[in-house]
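Step one of this worksheet: look at the structure below.
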Amino acid sequence: MRQGDTVELNLYNDESSSHSHSIDLHAVTGPGGGAAVTNVEPGETKELVFKATTPGLFVYHCAAGNAATHIANGMYGLILVEPTQGLSKVDHEFYVMQGELYTHGRMGKKGFQAFDARKMIDERPEYIIFNGRTGALVGDGQLNAKVGDKIRLFIGNAGVAKISSFHVIGEIFDRVYSEASLSNPLKNVQTTLVPAGGATMVEFQVDYPGNYVLVDHALTRVDRGAWGILNVTGKKNAALYSGDTDAHDEQGDEH
């Protein structure tokens, strides 16, 4: 959507659900960001109409009951309001949303894991993840680009507790739209903070082939799941970067 658009949103709660739900969109100006008029019981539908007054990248999430519990169970996402003239052209736009899982079982334990409310209250997530699960942005889910491509990343952080220190290993962000404000970007940034319940947008050009690792640079979180791969293919440029590389770094090279 673009700034000035009027949006009609219908929220349906499936009749098989055992909980009420609602939606709080940080892009909405009005009580509860829409939650005040969208509380839906199982089998119900509610309508929200709002005007997108402000450009930016915004978090949305369930706000019914204990909102933190609903967010920690994956009820969140991002909504983009472009300025009236739109965003500049890039070759790829990718979505990366950080979240937290508070499971009763310790990290790595197999099988179904129940939600642990005490761990959430104590802010001790077992997993910190990108796009809803461990490994979402590796293997078949990795991001792909070619040398020379311009990349735009839409980055959000659902929380509910941790601030993200977002970084792409081997890249410098040409522009960072801090906290997703689309005016006056910072330039030439290595790592950018993304607060819980907030977002940011970064742009950069990829100039050399290989695997670039997306991380929360509070690096103990990599072991908990907060990492992904941007695979870049194309020709090497020895004037930019040279040296012996391991076999796993050669995946992006085309001779």
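Look at Gly197 and say whether it is modelled with pLDDT of 95 or more and within 16 Å of the chain's Cα centre (by Cα). Spelling it out, Gly197 is indeed modelled with pLDDT of 95 or more and within 16 Å of the chain's Cα centre (by Cα).
Among the residues of segment 74-126, those identified as among the acidic types (Asp, Glu) and on the phi < 0 side of the Ramachandran plot are Glu82, Asp91, Glu93, Glu100, Asp116, Asp122, Glu126. Scanning segment 1-17 for residues that are polar (S, T, N, Q) and touching a strand residue (DSSP E or B) at 6+ places or on another chain (Cβ under 8 Å) gives Gln3, Thr6, Asn10, Asn13. Being under 16 Å from Val194 (Cβ atoms), assigned to a loop (DSSP other than H, G, I, E, B) and within 12 Å of the chain's Cα centre (by Cα) is the filter here, so list the residues in segment 135-181 that pass it. If the condition is that a residue be under 16 Å from Val194 (Cβ atoms), assigned to a loop (DSSP other than H, G, I, E, B) and within 12 Å of the chain's Cα centre (by Cα), then Leu137, Ala158, Gly159 are the ones that fit. When you go through Ser181, Ser164 one by one, which is the residue that is over 30 Å from Thr103 (Cα atoms), of a type in the set (S, T, N, Q) and assigned by TED's automatic domain parsing to the domain that holds Phe130? Answer to the check: Ser181. Leu78: in contact with a strand residue (DSSP E or B) (Cβ under 7 Å, 6 or more places away or on another chain), hydrophobic (A, V, I, L, M, F, W, C), over 27 Å from Leu240 (Cα atoms) and buried (at least 16 other Cβ atoms within 10 Å of the Cβ), yes or no? Criteria met by Leu78.
I'd like the full set of residues that are part of a loop (DSSP other than H, G, I, E, B), of a type outside the set (Val, Ile, Thr) and modelled with pLDDT of 50 or more, limited to segment 230-255. Within segment 230-255, Lys235, Lys236, Asn237, Ala238, Ala239, Leu240, Tyr241, Ser242, Gly243, Asp244, Asp246 qualify.
The values are calculated or read from the model by the stated rules, or taken from the named source; none is laboratory data. Everything quoted here is computed from the prediction, not taken from an experiment. Every residue, glycine among them, receives a Cβ derived from its backbone with ideal geometry; neighbour counts consider all protein chains shown.
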